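S.K.: Below are the structure tokens for one structure; questions will follow.
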Amino acid sequence: MKSNDCCVSRKILLPAVTYFLAGYCVPVHSNWHPPLRISITAQFIVGFSGIVPISWHTAIVTPVPKVSAPASLNDYQPISVTPVLCRIAEKYIVKHFIRPAIPLDAILDQFAFKPSGSTTFALVSLQHHVTDLLETRSYVRCLIIDFSKVFDTTDHSVLLSKFSSFGLPANILNWITDFLTDRQQICKLGSLLSHPVSINTL
């Protein structure tokens, strides 16, 4: 099922998917037509068996201007969007499997990409450490490194090795591996869509 096959709000979809993930065979919502319930259920059954539905391997990339008058490709921010069911499955796996498996001491100094983190917390933490050090020192040196396109250049084999060391269930590890394999992108500009292009992931 493609992401634009039907328009279902998350307020309706999330409870139904929650029922399924809790052990029900079919998502329950009386307002849904049976074909829609069967389609959604089938995708999650396949997904949580360790195989990602084919349509979830494709993302729609929309170039969004970063400046008022873009003059080059560098003036655009590519926004990648995957099907809504795929995003729900991703959030479920992160919340219930990946995040609980990560040792807390491994992310104590991490401020991004976690619920309790933000740039404000990062600045407060830096100010606290610098102020604390200045109690016994005359100066403090800070080395700040900005990794360019860090998520675009992440070695997926290293990432999967890390996940494997966390002791994730085999079907979840297989799901992540399949999700990162044979991915495609389609560029959207206005109402125009490009042909699918394979991207180098693994």
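The values are calculated or read from the model by the stated rules, or taken from the named source; none is laboratory data. Quick caveat, the model's predicted, so the values are computed rather than measured. Cβ sites come from the backbone with ideal geometry, for glycine too, and all protein chains shown count toward neighbours. Ligands, DNA and RNA are stripped out before the accessible areas are found, and what is left, the full protein with its side chains, is counted by its heavy atoms. Shrake-Rupley method; radii C 1.70, N 1.55, O 1.52, S 1.80 Å.
S.K.: Please count how many residues of region 40-65 are crowded, with 17+ Cβ neighbours inside 10 Å and at pLDDT below 65.
M.R.: 6
S.K.: Filter region 69-89 for residues that are buried (at least 17 other Cβ atoms within 10 Å of the Cβ) and part of a helix (DSSP H, G or I) and give the result. Show your work before the answer.
M.R.: Kept after step one, since they are buried (at least 17 other Cβ atoms within 10 Å of the Cβ), are these residues of region 69-89: 82-83, 85-86, 88-89.
Residues satisfying the conditions are 85, 86, 88, 89.
S.K.: So for region 138-145 (the condition being surrounded by 10 or more Cβ atoms within 10 Å (Cβ to Cβ) and farther than 21 Å from residue 80 by Cβ), does at least one residue qualify?
M.R.: Looking only at region 138-145, we keep the residues that are surrounded by 10 or more Cβ atoms within 10 Å (Cβ to Cβ), and these are 140.
Keeping just the survivors that are farther than 21 Å from residue 80 by Cβ gives 140.
Yes.
S.K.: With within 28 Å of residue 50 (Cβ to Cβ) and either without any contact (Cβ under 8 Å) to a residue 12 or more places away in the chain or assigned to a loop (DSSP other than H, G, I, E, B) (or both) as the only criterion, which of 124, 158 stands out?
M.R.: Details: 124 fails: within 28 Å of residue 50 (Cβ to Cβ).
Answer to the selection: 158.
S.K.: Oh, and also: Taking region 161-190, which residues are of a type in the set (Ser, Thr, Tyr) and assigned to a loop (DSSP other than H, G, I, E, B)? Spell out how you get there, then give the answer.
M.R.: Here is the first cut: in region 161-190, the residues of a type in the set (Ser, Thr, Tyr) are 161, 164-165, 177, 181.
Correct list: 181 only.
S.K.: Take the conditions modelled with pLDDT of 75 or more, open to solvent by less than 40 Å² (accessible area, probe 1.4 Å) and assigned to a helix (DSSP H, G or I) and apply them to residue 98. Does it pass? Full working, then the answer.
M.R.: Numbers: modelled with pLDDT of 75 or more: yes; open to solvent by less than 40 Å² (accessible area, probe 1.4 Å): yes; assigned to a helix (DSSP H, G or I): yes.
For residue 98, the condition - modelled with pLDDT of 75 or more, open to solvent by less than 40 Å² (accessible area, probe 1.4 Å) and assigned to a helix (DSSP H, G or I) - is met.
S.K.: While we're here: Within region 101-116, which residues are outside any helix (DSSP H, G or I) and small (Gly, Ala, Ser)? Before the answer, list the steps.
M.R.: Initially, region 101-116 is screened for residues outside any helix (DSSP H, G or I), giving 102-103, 107-116.
Those that are outside any helix (DSSP H, G or I) and small (Gly, Ala, Ser): 112, 116.
S.K.: Exactly one of (1) open to solvent by less than 100 Å² (accessible area, probe 1.4 Å); (2) at pLDDT 85 or above is unmet by residue 111. Its number?
M.R.: (2)
S.K.: Can you find, within region 127-136, the residue that is surrounded by the most Cβ atoms within 10 Å (Cβ to Cβ) among those that are β-branched (Val, Ile, Thr) and in a helix (DSSP H, G or I)? Talk me through it step by step, then tell me what you get.
M.R.: From region 127-136, those β-branched (Val, Ile, Thr) are 130-131, 136; that's our starting set.
Those still in the list that are in a helix (DSSP H, G or I) too: 130-131.
On the way: 130: 14, 131: 10.
Once the filter is applied, the top-ranked residue is 130.
S.K.: How about region 175-184: which of its residues are touching a residue at least 60 places away in the same chain (Cβ under 8 Å) and buried (at least 16 other Cβ atoms within 10 Å of the Cβ)?
M.R.: Residues satisfying the conditions are 175, 176, 178, 179, 183.
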